[in-house]
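A short reminder: the numbers here are calculations on the coordinates, not readings from a lab. In this text, all values refer to a predicted model and were calculated from it rather than measured experimentally. We place every Cβ from the backbone using ideal geometry, glycine too, and count neighbours over all the protein chains shown.
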Amino acid sequence: MTHDGRIHKRGLADCFMKENGDYDAHGSSCKMCVDDTLQVKSLYAEGRTKEEIKRVIDAKHANLP
């Protein structure tokens with residue numbers, strides 16, 4: 001997935017952490033990243049599996065450039 005010129009190879013982890021493990025502030029100021037994180041939290045609380053959550057988020061952004 002890509003947005004705002006960013007390539008997400010690791011999903012939401014790429015919004016909040018650089019590949020070397022350092023903190024990345026992007027996720028805390030990006031509405032898309034915050035909304036996705038809150039949706040993931042909600043789906044997890046419902047008991048959804050990691051695979052189900054990934055499918056929901058991937059489908060949500062399937063049409064992004």
query: By what distance, in whole Å, do the Cα atoms of the stretch 2-60 stretch along each of the three principal axes, largest value first?
result: 29, 20, 19
task: State, to one decimal in nm, how far the label point of residue 24 lies from the label point of residue 52, with both points 7 Å from Cα in the Cβ direction.
output: 2.8 nm
- request: Could you rank the peptides 30-40, 46-56 by their average count of other C-beta atoms within 10 Å per residue, with the highest value first?
  value: 30-40, 46-56
task: Evaluate the distance, in nm, between pseudo-label points positioned 7 Å from the Cα of residue 17 and of residue 59 along their respective Cα→Cβ axes.
output: 2.8 nm
